[in-house]
Structures are given as structure tokens and as C-alpha cells.
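Only one structure is covered here, and it is reproduced in the block below.
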Amino acid sequence: MPSVTVDGKRLWERLMLLSRHGARTDGGVDRQALSDAEIAARAELAGWARAAGLSPFTDHAANLFLRLEGTEPGLPPVLAGSHIDSQPTGGKFDGALGVLAALEAVESIKAAGPTPRRSIEVVAWMNEEGSRFAPGMMGSAVYSGARKLSDIMQVTDPGGKRAGEEIARVLKADRDIPKRPLGRPATAYIEIHIEQGPILEREGKTIGIVTGIQGKRTFRVTVTGEENHAGTSPRAARKDALAAAVAIIKALQDAFWDKDDIIRFTIGRMIVEPNAPSVVPAKAEFSIDLRHPEAEELCRLGDLIEPLAQANRGPCDVGVRQLLHDPPLTFPVEIRDMLSAVAAKMGYSAMPIASGAGHDARYLHYFCPTGMIFAPCEAGISHHPAESIAPSDATAATNVLAEALLRLASSL
Ligand SMILES: [Zn+2]
């Protein structure tokens, strides 16, 4: 089995170069999906790929692939990547590390020779973050068949632009990049991502072998009351939607309080109408994000929301709508064992770790054998301009990825 060592300096330089597209003055990155900044980043990626002898192509969901052709081009390729879109207040590494590490790994494999049997494709999935077009992981969901292309085309951003229009604009801007069909079979998918948590740093480990992704349910709760004058309407007669929402939220927070901190329960958004200082609120709508690593417990907890909302609505009406139910998943043991073996062979300290956040690997998991490698990030900070990683950790994760890709691409 040939082995391969990546160029950590080149990887780091590219991370810094890519972060110019959508650079914020505070050192962060604002490169939202299907934006001009992302178009420029795609062009730069395609240029690096061509210079390295890889062929860029795309698909109808504007996922971007960079292909190293294997000696048997008809075999399903091995995929590796992540995303290059960011949150509006994002950092330089969330997503970008996974894509640029895959490019570095494949470029190093090609330079080391001989050409592997299976093709290897670097992929940048369209709209992972979902900050502009929600929900995210659009490109990987469509590629793997979990969502329909026609559905995501209709999603609009806060400015009213449809994703379909913006996908067409991005595809038009891609210079001489051919299109291939969605959902081509794959041999395997490996994604490097920053941990976005403090565990690897705390444990002093270089490589996280991701065991799986915790489950997630999201809801929209709408409380409807009656608009009235803040000075003249007697309190006993009011139908105050915000007061009812507060009572419901208190009941939910009590029910989901977990001293072991395994249940993750968040209300991150509330819209009050008419949202005027001297008017009794007529409507209060809020979001719920509920996560748990066990499928049964996630079901049980999520099913408590509607009855608790009804029991605490007071004189108002309440409606609970579930928007998403992604069960927890466990990556296949064969992939995890292989990644652990590679890390051990290279002398890197590694540990199994669960992912609290969703990733494109969630959808690929149901499509082909999938695994993830986490790299430590400073103080666990992400989705923030201060996001930071050590160059040596990025190199280590990329070395493990390169060896893993080489093994998968050489497999029978
Ligand atoms: Zn990410």
C-alpha cells in the first residue's frame, strides 16, 4: 500500500486565501450560500484544482466537485469534502477546512502516485449553513435523495430571492465547468470538520473519530391572543399572547432541564405582533430546537411539547408545528475503525467523539458508507469571527484523510 504525506503549508495558505472571499473587517468570514463571495471562492477552488490536474464539474444543485480520475473511471468514486458557505458572522475554518483538506489530500495522492483504482472527488456541498436559505444542507440532501431539487428551488431568502434563481446565477458564473447528474453512486464519503466544541482541546487529542450525529427536532409554536390597549383593557379580560408564550416556555424549560446536560433545548427566535410598547400582544411565535443522541428519548421529549403548550396557553390559542425530525445516526464501524487505525499508524492521538451539530455527512450517511474526522478548535468557538485552529492540527487531520482516501480508492 503506497502512503502519502500532505503539504500543510500549502493547505494553510489556501485556507487564508479562501477566507478573503467574504472577509469581514473583524477577521471573520461572511460568505453566505450562492452569494457573489461564494462565486469568487468557487472560481478560485476550480483554478487550484485545474492546476493540480483535477477536473471540476457541478450538478443542478450547484454542488462543486473536483475529480481525480482513477485507473477504472467507471467505478463509483470516493467522495471527500464539506462546504464553503458560512454564517454571516462565520470564521475561516467551518466548512472550508473540510473542502481544502480534501483538495490537499487528493493533490498529494496524485503527486505521490501511482493513480488509485477508484476516482476521488473533492466536493463543496451547496448551502450547508442554511443562514440565507433555510434549512441548510441543501446540496447534500438533494444529492443523496433526501430532498427534491424542485422543493429547494422554491425556498426564498429574507430578501425574497428564490434559491432556484441564485443557483442558476452561480452555475452561469462557473466558467467552463460541465454538469453531471445528481445522485451518482459513491463508494464512500469522508468529511473533515472543526469540532465546534471544547472536548478534543480539553482531552489533549489531535484527531476526533466521529461516532455519529445526535438527533434533532425543530418546531414552530404560534400563540394567538387578542390585540388590546395597554392602558384601558383590564388584565383579567386580556388574551395576552406573549404572556401565554412565556408561561409555555417556562413549562418547557422546566420539563427539559437535564442536570447531565444531554438534552439540548433552545428557543432562539421569537416574533411578537404587533410588537408595539403600548399594545397587548396579539400573536407570539417562537422556534424550538431540540436535540438528543438517543432516538427514543428524542421522540418522547419532542412529543411532550404539544401537550405542555396546550396546558399552559391560558386564555389564548396555541398551535405547534414540527418542521424537522432528523433521528440520531451512528457512522459505520468499518469506517470508524479504518480512520482510527490510520491515525494510530501515523502516531496521532485520537479519540471517539459524538457530533452535536449537523453536517453534510448526515445525508451522505444514508447514501454510502460515511465517516467524519474532527479537528480541535480553540475554546470550542465556531460560527464566530474568532474561530481558530492550529495549523499542525489541520495538517494532522488532512494526513489521516489522505491515507484513508487512498485505502478506500484502492479497495476492491
Ligand atoms: Zn460546517
Search result, residues across region 122-148 that are closer than 18 Å to residue 371 by Cβ and in contact with a Gly (Cβ under 8 Å, 6 or more places away or on another chain):
122, 123, 125, 128, 137, 143, 144
Of the numbered conditions (1) among the small types (Gly, Ala, Ser); (2) within 20 Å of residue 47 (Cα to Cα); (3) part of a helix (DSSP H, G or I), residue 164 satisfies every one except a single condition; which is it?
(2)
Within region 177-219, which residues are under 29 Å from residue 348 (Cα atoms), exposed (fewer than 15 other Cβ atoms within 10 Å of the Cβ) and not small (Gly, Ala, Ser)?
198, 202, 203
Considering only residues that are within 16 Å of the ligand (Cβ to nearest atom) and at negative phi, which ones fall in region 178-198?
189, 190, 191, 192, 193, 194, 195, 197
Meets criteria (surrounded by 24 or more Cβ atoms within 10 Å (Cβ to Cβ) and within 17 Å of the chain's Cα centre (by Cα)) for residue 374
yes
Is there any pair linking a residue in region 361-386 that is closer than 18 Å to residue 86 by Cα and polar (S, T, N, Q) to one that is in a strand (DSSP E or B) and within 15 Å of the ligand (Cβ to nearest atom), with Cβ under 9 Å and at least six apart or on different chains, and which?
382/90; 382/194
Show the residue pairs that are 6+ apart or on different chains and have beta-carbon atoms under 9 Å apart, the first residue being within region 119-146 and over 16 Å from residue 183 (Cα atoms) and within 14 Å of the ligand (Cβ to nearest atom), the second being assigned to a helix (DSSP H, G or I) and of a type in the set (S, T, N, Q).
128/140
Looking only at region 302-346, which residues are at pLDDT below 95 and of a type in the set (A, V, I, L, M, F, W, C)?
323, 324
Restricting to region 370-383, name every residue that is at pLDDT 95 or above and in contact with a Gly (Cβ under 7 Å, 6 or more places away or on another chain).
373, 374
Within region 85-104, can one find any residue that is away from the ligand (no atom under 13 Å from the Cβ) and over 19 Å from the mean Cα position of the chain (by Cα)?
yes
Only helices (runs of 4 or more DSSP H) wholly contained in region 325-412 count here; list those with 3 or more residues that are closer than 21 Å to residue 186 by Cβ, within 16 Å of the ligand (Cβ to nearest atom) and in contact with a helix residue (DSSP H, G or I) (Cβ under 9 Å, 6 or more places away or on another chain).
361-364
Turns out the helices (runs of 4 or more DSSP H) fully within region 199-303 with at least 3 residues that are hydrophobic (A, V, I, L, M, F, W, C) are 241-255, 295-303
When you scan region 74-83, do you find a residue that is among the hydrophobic types (A, V, I, L, M, F, W, C), within 13 Å of the ligand (Cβ to nearest atom) and either buried (at least 23 other Cβ atoms within 10 Å of the Cβ) or at pLDDT 95 or above (or both), even just one?
no
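The values are calculated or read from the model by the stated rules, or taken from the named source; none is laboratory data. Everything numeric here is computed off the predicted structure, so don't read it as measured data. With ideal geometry, Cβ positions are generated from the backbone for all residues, glycine too; neighbour counts draw on all protein chains shown.
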